[in-house]
1. Would you check which residues across region 242-255 are of a type outside the set (D, E, K, R) and more than 9 Å from LEU207 (Cβ to Cβ) and list them?
2. I'd like the residue in region 163-187 that is in a loop (DSSP other than H, G, I, E, B) and touching a residue at least 60 places away in the same chain (Cβ under 8 Å) and, out of all such residues, is surrounded by the most Cβ atoms within 10 Å (Cβ to Cβ).
3. From the residues in region 29-44 that are touching a residue at least 12 places away in the same chain (Cβ under 8 Å) and surrounded by fewer than 22 Cβ atoms within 10 Å (Cβ to Cβ), which one is farthest from VAL236 (Cα to Cα)?
4. Among ILE16, ILE68, which is the only one that is farther than 28 Å from ALA245 by Cβ, buried (at least 20 other Cβ atoms within 10 Å of the Cβ) and modelled with pLDDT of 95 or more?
5. Inspect region 233-240 for any residue being farther than 18 Å from ILE17 by Cβ and of a type in the set (D, E, K, R) and give the result as yes or no.
6. Return the residues of region 223-259 that are over 19 Å from GLY210 (Cβ atoms), hydrophobic (A, V, I, L, M, F, W, C) and more than 19 Å from the chain's Cα centre (by Cα); say none if nothing qualifies.
7. Report the residue count in region 10-39 for those that are outside any helix (DSSP H, G or I) and either of a type in the set (Lys, Arg) or touching a strand residue (DSSP E or B) at 6+ places or on another chain (Cβ under 8 Å) (or both).
8. Looking only at region 220-228, decide whether some residue is in contact with a Gly (Cβ under 9 Å, 6 or more places away or on another chain), closer than 20 Å to MET107 by Cβ, modelled with pLDDT under 95 and not polar (S, T, N, Q).
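The values are calculated or read from the model by the stated rules, or taken from the named source; none is laboratory data. This structure is a prediction, so every number in the text was calculated from the model and none was measured. Methodologically, a virtual Cβ is constructed for each residue, glycine included, from the backbone with ideal geometry; neighbour enumeration extends over all protein chains shown.
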Amino acid sequence: MLEICGVPFGGQSVPIIAGPCSVESESQLEAIAAALHEMDIPFLRGGLYKLRTNPDSFQGLGEDGFSIAKKISEKFNMPFTTEITDIRQIEKLHEVASIFQVGTRNMYNYDLLKELGKSPKPVLLKRAFSATYSEFLNAAEYIIAAGNENVILCERGIRTFVRETRNTFDINAIPFLKQKSGLPIVADPSHGTGLTSLVEPVALAALAAGADGLLIEVHNEPSKALSDGQQALTPVQFKSLIDKAELILKASGRELHGRA
C-alpha cells in the first residue's frame, strides 16, 4: 500500500483525484476546488502543461499557472496532481505538485521515467493507448528501478476499432495488473470514454472490478472548458457519482476516503 500526504492508495479506503483537465484561471480552479472540498475529495488535479494532438489547441498555462495551483491547493488543503511532460519540468513543478502524472503519450519516454525514478515524488503512470500489459508494467519498472517505488498505475482506455467513444476502457486491466504487479491502480473513465454520460457507469464498473481510486475530470462550466469539456462532469454530476460509488464500495467491504 502506498500513502501520499496521509492518504492511502491500495487499501480498503479508496481516494478520488478530481478537477479540471486544464487550469484555466484562478477563479475557475477555486470554484471547482471549493465544490470538491465540500464533498471531502482529498486530491485536486489540473493540467498546467498539455500535450495536444492539435497544435492549435489550448496547451495549458505552463509556468503562469504554477502560483494559481499552489495557492488553491494550499487554500483547500488538497494536494495537487498535474501532468509532467518534460524532464526540465521536474525541478520547477516540485513545489507545486504532490503527485507527478505521466500521460499516455509519455509512457514510452524512458528518459523521463528514469529521471522521475530519481525523485521521491509519487508518480501516477498512465497506460499508453496502444500499450500491452507487459509494456505498461515495464514502464513502471523504469521508475522503480531508478529508486522511486511510489508508483500508481492508471488505466485510461486504449485505442480500438470502436469510434463512438474516445477510447475503449479496459476493465480487464484493473484486476490483472493488481494481481500481476501489486501496485495500486486507479481508473480514469473520463479519458477512457470521452463522453460525460459514460463516465459514471464506467467509474462504478472500475470500482466493482477493484480499482484503488478514480481520476475524474470535473469542471464548473464544461461547455466553456478550454479542453475536454465533452468528458467533464459538473459538480452536481460528480456528486451523483460519488454517492453511488459509496454503495458499490460498501458491497465489497471498502469505503471512499474521507466519507466513512
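1. Narrowing region 242-255 to residues of a type outside the set (D, E, K, R): 242, 245, 247-249, 251-253.
Within region 242-255, ILE242, LEU247, ALA251, GLY253 meet the criteria.
2. PRO184
3. The residue in question is GLU30.
4. Working: ILE16 fails: farther than 28 Å from ALA245 by Cβ.
Sole residue among the options that is farther than 28 Å from ALA245 by Cβ, buried (at least 20 other Cβ atoms within 10 Å of the Cβ) and modelled with pLDDT of 95 or more: ILE68.
5. no
6. The answer is VAL236, and nothing else.
7. To start, the set of residues in region 10-39 that are outside any helix (DSSP H, G or I) comprises 10-25, 39.
If we keep only those that are either of a type in the set (Lys, Arg) or touching a strand residue (DSSP E or B) at 6+ places or on another chain (Cβ under 8 Å) (or both) too, we end up with 10, 12-23.
Adding up the residues that qualify gives 13.
8. yes
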